[in-house]
1. With just the Cα atoms of the range 39-92, tell me how far they stretch along each of the three principal axes, in Å, largest first.
2. List every residue whose amide H lies under 5 Å from the amide H of Glu60, counting only residues 5 or more places away in sequence or on a different chain, with H placed 1.01 Å from N in the peptide plane.
3. Probe radius 1.4 Å, ligands and nucleic acids left out: which of Met1, Met88, Met52 has the largest accessible area, and how do the rest follow?
4. Largest first, how would Thr75, Thr56 line up by accessible area (1.4 Å probe)?
5. For Tyr87, what accessible area in Å² do you get when you roll a 1.4 Å probe over the heavy atoms of the protein chains, rounding to the nearest 10?
Amino acid sequence: MKQLILTCSVLLALACNQNSKPAETKDAPMPEVPAATATVVSDKLPDPVCEMPYDTAYKEWTVYQKDTIHFCSITCKEVFLKAPDKYMAKLKK
């Protein structure tokens, strides 16, 4: 049972970290980031499952008790939908 929980935790962490940084090389210069990339918006609720701050690039969302909740991945959305009260309580600490 512990192995199952550990495996699920690792998979959730990997799914939430889909936007990881590319490996840096010594010789190649880092490409310039365009100004029109996704931005963090401070007045929006963070992802309630992994607590990543809201980002305009998030495409997954749901409406729960008149609040629009955005998710960093489909995995976080599915986890939230299984126990929404638990995660909403986490947001309202």
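The values are calculated or read from the model by the stated rules, or taken from the named source; none is laboratory data. Because the structure is predicted, anything quoted here is derived from the model rather than measured. The accessibility values were calculated without ligands, DNA or RNA, using every heavy atom of the protein model including side chains. Shrake-Rupley method; radii C 1.70, N 1.55, O 1.52, S 1.80 Å.
1. Cα spread of the range 39-92 along its principal axes, largest to smallest: 28, 22, 19 Å.
2. Residues meeting the criterion, in which the H sits 1.01 Å from N, are Phe71.
3. Sorted descending by solvent-accessible area, the residues read Met1, Met52, Met88.
4. Thr56, Thr75
5. 30 Å²
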